[in-house]
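Asks: Structure in structure tokens, see below.
The values are calculated or read from the model by the stated rules, or taken from the named source; none is laboratory data. Predicted model, so just to flag it, every value in this text is computed and none were measured. Backbone-built Cβ (ideal geometry, glycine too); neighbour counts: all protein chains shown.
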Amino acid sequence: MTGFIKQYRTELRNILIIALFAMLIPYLPKLATLVLSSTGMLISMSMLAGVVIGLSLKVYFHTVVMRISKDNTANS
């Protein structure tokens, strides 16, 4: 069973993502109304800011790890 899951990991992930989107379809009109309100705009902007901060931290830590590994190989 684990071999089956390993072999079809990306396909299973894609199927789960499609199933989640299919379950969210009935809520799209309510979500659109929320996003167009001022509260929805604040929530959307805060989520966007969180994504930007998260991605910038990810890039920063990848840079730090690359520098550390470069220093380790130079000193060896």
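Asks: Restricting to region 1-57, name every residue that is outside any helix (DSSP H, G or I) and among the hydrophobic types (A, V, I, L, M, F, W, C).
Replies: Met1 - this is the single residue of region 1-57 that is outside any helix (DSSP H, G or I) and among the hydrophobic types (A, V, I, L, M, F, W, C).
Asks: Can you tell me which residues in region 44-67 are closer than 25 Å to Thr33 by Cβ and modelled with pLDDT of 90 or more?
Replies: Within region 44-67, Met45, Ser46, Met47, Leu48, Ala49, Gly50, Val51 qualify.
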